[in-house]
Amino acid sequence: MPIIKKVIFIVLIVLTIALIGYVFIAHHQMLDSYADEKKSLNNQIEAAKLKQQELKDEINSINSTNTIESIARDKLDMYYPNERVYIDISK
């Protein structure tokens, strides 16, 4: 009987080591997956910050007097009082 107990004990130790190895590998793969997801999300955050800065710059340029004046002249045909406007009739 003592040999059977030793065999069972060794089998249990081997199974325990195998289970610990499996759990370790599974958790390692899960951590790698989370790290990749974190990197992807950080890249998306950086892209969103860049887009936000571009939009802020665009808002600032749209609110500038030069841009407003250019839009008023080109699209709305508005001019300053007493300003001479020359129209090219060849177009």
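Read the figures in this text as sums done on the coordinates, not as results from a lab. Predicted, not measured: the structure shown is a model, and the values here were computed from it. No Cβ is skipped: glycine too gets one built from the backbone with ideal geometry, and neighbour counts run over all protein chains shown.
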*In nanometres, what is the gap between the two model label sites at A48 and E69, each 7 Å from Cα along Cα-to-Cβ?*
3.9 nm
*Please give every one of the lysines within straight-line cross-link reach of K39, meaning a C-alpha to C-alpha distance under 25 Å, and leave out same-chain neighbours fewer than 8 residues apart.*
K49, K51
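For the chain, what is the per residue volume of the convex hull drawn over the alpha-carbon atoms, in cubic angstrom? Please report the intermediate quantities before stating the final value.
Details: hull volume 11.5 nm³, N = 91.
Once divided by residue count, the hull of the chain is 127 Å³.
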*If you take the charge dipole of the chain about its Cα centre, with +1 on Lys and Arg Cβ and -1 on Asp and Glu Cβ, which of S61, H28, V14 is farthest toward its positive end?*
V14
